[in-house]
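Chemist: Structure in structure tokens, see below.
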Amino acid sequence: MSHKCPDAKKLSSYMDAELSETESLQIRTHVQTCRTCQDELSRMRFADRMISSIPDMEPSPGFDAVFWEKINVQKEKKKKLWSWQEAFAWGFKPRMAAAVLAAMMGLVMIWYVGKRAAPISPQELAIAKDLYFYKDLDMIMQLDILENWDTITAADEQN
């Protein structure tokens with residue numbers, strides 16, 4: 001395969017003889033040497049034969065009249081709705097829901113921000129201070145070692 005394979009659209013145009021003589025010759029030459037394109041062209045020809053074998057269908061008598069009557073009924077229904085009713089019926093429901101949700105969120109935020117925190121009692125302050133020192137609990141637990149640090153380092157230096 002010396003050239004890039006043509007895409008399916010180009011192969012279809014080749015199959016339907018819609019290309020110029022130069023393009024047709026290029027694709028024909030390519031297809032003769034490319035198994036992938038031969039297979040693709042074969043599948044396209046098979047699909048074309050299958051579609052061509054389907055018999056033409058004729059609409060039932062009066063189909064046009066029934067079809068256009070249904071279209072006219074739909075147009076009349078649409079005319080009966082006022083423009084604001086139509087917008088509300090089809091377009092405003094999601095917008096309205098979003099607006100109500102945004103308003104509710106705004107009210108909750110105003111209530112939450114406006115709500116002042118209760119003052120901290122002395123007991124709560126003492127607990128908070130204890131919690132602050134809790135992170136140093138390991139060091140506090142070893143305080144007796146730290147108080148005798150000079151003695152421990154002096155003994156270590158003697159050994």
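Chemist: Tell me, which residue of the stretch 13-39 that is touching a helix residue (DSSP H, G or I) at 6+ places or on another chain (Cβ under 8 Å) and among the hydrophobic types (A, V, I, L, M, F, W, C) is surrounded by the fewest Cβ atoms within 10 Å (Cβ to Cβ)?
Modeler: A17
Chemist: Against the condition surrounded by 10 or more Cβ atoms within 10 Å (Cβ to Cβ), at pLDDT 70 or above, in a helix (DSSP H, G or I) and touching a helix residue (DSSP H, G or I) at 6+ places or on another chain (Cβ under 9 Å), how does I127 come out, does it pass? Quick ask: steps written out before the conclusion?
Modeler: Details: surrounded by 10 or more Cβ atoms within 10 Å (Cβ to Cβ): yes; at pLDDT 70 or above: yes; in a helix (DSSP H, G or I): yes; touching a helix residue (DSSP H, G or I) at 6+ places or on another chain (Cβ under 9 Å): no.
No; evaluated as a whole, the condition is false for this residue.
Chemist: While we're looking at this one, here's another question. Using beta carbons and a limit of 7 Å, which pairs, at least six apart or on different chains, have the first residue in the stretch 10-26 and within 14 Å of C37 (Cβ to Cβ) and free of Cβ contacts under 8 Å to residues at least 60 places away in the same chain and the second one surrounded by 16 or more Cβ atoms within 10 Å (Cβ to Cβ) and charged (D, E, K, R)?
Modeler: What qualifies is L11/E40.
Chemist: Still on this model: Any residue at all in the stretch 50-60 that's on the phi < 0 side of the Ramachandran plot and surrounded by 10 or more Cβ atoms within 10 Å (Cβ to Cβ)?
Modeler: First pass over the stretch 50-60, keeping only residues on the phi < 0 side of the Ramachandran plot: 50-60.
Filter once more, so that each one left must be surrounded by 10 or more Cβ atoms within 10 Å (Cβ to Cβ): none.
No.
Chemist: Examine the stretch 133-152 for a residue that is within 46 Å of the chain's Cα centre (by Cα) and modelled with pLDDT under 70, and state whether such a residue exists.
Modeler: Keep residues of the stretch 133-152 that are within 46 Å of the chain's Cα centre (by Cα), which gives 135.
Narrowing the set further to residues that are modelled with pLDDT under 70 leaves 135.
The answer is yes; a qualifying residue exists.
The values are calculated or read from the model by the stated rules, or taken from the named source; none is laboratory data. In this text, all values refer to a predicted model and were calculated from it rather than measured experimentally. Ideal geometry is used to build each Cβ from the backbone, glycine not excepted, and the neighbour counts take in all protein chains shown.
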